[in-house]
Structure formats: structure tokens, C-alpha cells
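The values are calculated or read from the model by the stated rules, or taken from the named source; none is laboratory data. In this text, all values refer to a predicted model and were calculated from it rather than measured experimentally. Glycine gets a Cβ as well: all are built from the backbone with ideal geometry, and neighbour counts include every protein chain shown.
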Amino acid sequence: MLPAMLDRVADDLWTTARPQRFWGIETGTRMTVARLSDGALFVHCPVALDEPTRRDIDALGPVRAVVASSLFHHLYVGQWMAAFPKASFWGCPGLAKKRPDLKWSGVLGDTPHDEWAEDIDQAPFTSRFEHEVVFHHRKSKTMVCADALLNLSKHPSPVTRAAAFLMGNTGPGKGYLERIAVRDYALGRKQVDRILEWDIDGVVLAHGGLIEHGGREAVRDAYRWL
């Protein structure tokens, strides 16, 4: 029997972490899968669809929607489009221009689509390099993000930890990069305040360890400077 690729982190919420390099640095990446109230699946930042992952996905339910919520989390979307032709595929603003080879269903905005609105909230988080959209799985009180709370400070690779040190990345969302990335501080403050209205306990990061509890405080602390 092939090993399971998805780890359950809460009721109707699973993740899987994979190795991934960015600009030559091993940052890792993580996909999140939420089962919606009707049993269909919402997939955030898809990873490579190998056989064990496909088996685990099929065991959970039919794939309803796949979201690439960051300009840098699109590498494997084509595999999922080929495997799940009945699903819808959504990219953050600007991603359709970056990947015109993919047939997107639409662009993620500041309100959840009807396909997942009953179970998941969403809000934009804009920077110089990103037009990310972050999500909140209401049932588990879990925020799900791609790059909004980068945390490489405890990565197993010493090279990655050294890069984190140079960026001042000492915890989720902390460091010099975030202060450079946010162009409009007033807009950034408004967007963070909106996210903080959610009932957040845990946080799933694409790059870094999971935050099991105290997620709202982690978000507030990371962007206190705004």
C-alpha cells in the first residue's frame, strides 16, 4: 500500500508539505485541502499530483475548486486541470497574464465564490510582488495562506535558515521583505484589519510550520508595524 500523502490538521481540513526551491533556496511548499459542506473539495496551492496524492484526494471526495492564490504557486495547476476537468480553477489577480497557457475559470477577488462561500471566507493581501488572496476555513477556525506569513527561520536547511536570518525572518510574516513588499501602508492596514475580523485559531502556511493555536495573534504581531 502506498503511503498517505495528506495529513489531517482539523475536521475537514488536510495538508501536505513538499520540497520546493525558489531562487535557488529550498523554501518548501504546502497544499491545503478543505472538504466543503456538500462533500466536495476546495484545493489551495496545488502541489505535484503524484499517484499517492491522487489516491488520497479521490478518497476524500470530488474536487470542486482549485485556487492558485499567489503569483508563485501555479507550477502544478496544469496537472490538476488535466486530472479534474470538471473542477473550476481560480488564480490571483495577474496570474492569468503570467500563465496564459492555462484555462482559468476566473480571478479571485475580495469575496468568496458561490462554490465555497458557505464554508470559506477570503480577502486580498496586496504587495509589490504579490496579489495574494488569503482564506479562512470557518469550521476549523483556520486561516490558509501562501506567502502572507512566510516563516523560514526554523527550516531544516542551514542555507535556508541563513537566508531567513539575512531577511530578518524570525517568525511568521516577520522581516525586512514584508516591509519592502507592502507598497501602500494604508491599504495594507485595511486588509490586515479585515483578516483579523475572522475567528482565527490555527494558520496553515505554505512556507513554514503550522500555527496550531493563537493564529490571530500571530497575524496581528507580524503586521503590527502597519
Checklist entry - Does any residue of segment 51-64 turn out to be assigned to a strand (DSSP E or B), in contact (Cβ under 8 Å) with a residue 24 or more places away in the chain and either of a type in the set (Gly, Ala, Ser) or in contact with a strand residue (DSSP E or B) (Cβ under 8 Å, 6 or more places away or on another chain) (or both)? => result yes
Checklist entry - Within the group Asp12, Asp7, which residue is without any contact (Cβ under 8 Å) to a residue 24 or more places away in the chain, of a type in the set (D, E, K, R) and in contact with a Ser or Thr (Cβ under 9 Å, 6 or more places away or on another chain)? => result Asp7
Checklist entry - Exactly one of (1) touching a His at 6+ places or on another chain (Cβ under 7 Å); (2) outside any strand (DSSP E or B); (3) not β-branched (Val, Ile, Thr) is unmet by Ala34. Its number? => result (2)
Checklist entry - Name the pairs: first residue in segment 179-192 and closer than 24 Å to Thr111 by Cβ, second residue small (Gly, Ala, Ser) and assigned to a helix (DSSP H, G or I), Cβ to Cβ under 8 Å, at least 6 apart or on different chains? => result Val182/Gly188
Checklist entry - Here are some conditions: (1) in contact with a strand residue (DSSP E or B) (Cβ under 7 Å, 6 or more places away or on another chain); (2) part of a helix (DSSP H, G or I). Ser70 meets all but one. Which one does it not meet? => result (2)
Item to check | Index of the failed condition, Ala164 passing every other in (1) small (Gly, Ala, Ser); (2) buried (at least 21 other Cβ atoms within 10 Å of the Cβ); (3) assigned to a loop (DSSP other than H, G, I, E, B); (4) modelled with pLDDT under 75 | outcome: (3)
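Got at least one residue in segment 44-52 being farther than 17 Å from Asp147 by Cβ and under 19 Å from the mean Cα position of the chain (by Cα)?
Of the residues in segment 44-52, the ones farther than 17 Å from Asp147 by Cβ are 48-52.
Next, only the ones that are under 19 Å from the mean Cα position of the chain (by Cα) stay: 48-49.
Within segment 44-52, one or more residues are farther than 17 Å from Asp147 by Cβ and under 19 Å from the mean Cα position of the chain (by Cα).
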Item to check | Qualifying residues in segment 114-144 (those that are at pLDDT below 95 and outside any strand (DSSP E or B)) - the one surrounded by the fewest Cβ atoms within 10 Å (Cβ to Cβ) | outcome: Arg128
Checklist outcome for this item: Trp80 vs (1) at pLDDT 95 or above; (2) outside any helix (DSSP H, G or I); (3) buried (at least 17 other Cβ atoms within 10 Å of the Cβ): all pass except (2)
